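Peer 1: Input: one structure, supplied below.
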Amino acid sequence: MYAVIFCGGKQHKVSEGDVLSVELLNAEAGSDIELDKVLLVSDGTNIKVGAPYIDGAKVTAKVLGAHGGEKIKIVKFRRRKHHQKVTGHRQWFTDLQITGINQ
């Protein structure tokens, strides 16, 4: 059984027991959350597709913790102008372990 969920502006295909990193959520480590933006649910033979979401479908997950991603360097450079600017960005992620999929 798997589901496609919408979380943090991205779509993720998840199954029970999967661990995935999503955009930073406002949740404490060890707590349980419900993700109700479910786009698709499949149990192998039957497929349910929402328009855009499936009513009553939920994916439950346990929050494992938060961590920072890789540092990304942003370089702005203008040739012949003596202008160079280097900045960086580090996106934070929340790790989730999927505990259940309810149709």
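The values are calculated or read from the model by the stated rules, or taken from the named source; none is laboratory data. Treat the numbers as computed from the prediction; the structure is a model and nothing was measured. Please note: Cβ atoms are built from the backbone with ideal geometry, for glycine as well, and neighbour counts cover all protein chains shown. All accessible areas refer to the heavy atoms of the entire protein, side chains included, with ligands and DNA or RNA removed. Shrake-Rupley method; radii C 1.70, N 1.55, O 1.52, S 1.80 Å.
Peer 1: State to the nearest 20 debye the size of the charge dipole of the chain about its Cα centre, where the only charges are +1 on K and R beta carbons and -1 on D and E beta carbons. Write out the running numbers ahead of the final one.
Peer 2: Working: 15 positive and 11 negative charges, 305 e Å.
Approximately 1460 debye in magnitude.
Peer 1: Using a 1.4 angstrom probe with every protein chain in place, what is the largest-first accessible-area order of Lys13, Lys62? Display every interim value, and only then the final one.
Peer 2: Details: Lys13 140, Lys62 85 Å².
Greatest to least solvent exposure: Lys13, Lys62.
Peer 1: Taking a probe of 1.4 angstrom, what is the accessible area of Lys71 in Å², to the nearest 10?
Peer 2: 140
Peer 1: How long are the semi-axes of the ellipsoid equivalent to the chain, from square roots of 5 times the Cα gyration tensor eigenvalues, in whole Å, largest first? Can you show the working numbers first?
Peer 2: Details: eigenvalues 266, 58, 20 Å².
Here the semi-axes work out to 36, 17, 10 Å.
Peer 1: Please list 3J(HN,Hα) in residue order for region 56-71, calculated via the Karplus relation 6.51 cos²θ - 1.76 cosθ + 1.60 where θ = phi - 60°; whole Hz, with x for glycine and proline.
Peer 2: x, 7, 9, 10, 9, 9, 9, 7, 8, x, 10, 8, x, x, 5, 7
Peer 1: Could you check how much of the accessible area of region 1-54 is carbon and sulfur, as a whole percent, using a 1.4 Å probe?
Peer 2: On the way: 1670 of 3460 Å².
Roughly 48 percent of what the probe reaches on region 1-54 is carbon or sulfur.
Peer 1: Leaving out ligands and nucleic acids, note down the accessible area per residue over the chain with a 1.4 angstrom probe, in whole Å². All intermediate terms of the calculation are to be shown ahead of the outcome.
Peer 2: Working: 7230 Å² over 103 residues.
About 70 Å² of surface per residue is accessible.
Peer 1: May I have the count of lysine pairs in the chain with C-alpha atoms under 25 Å apart, counting pairs 8 or more residues apart or located on different chains?
Peer 2: Total qualifying Lys-Lys pairs in the chain comes to 19.
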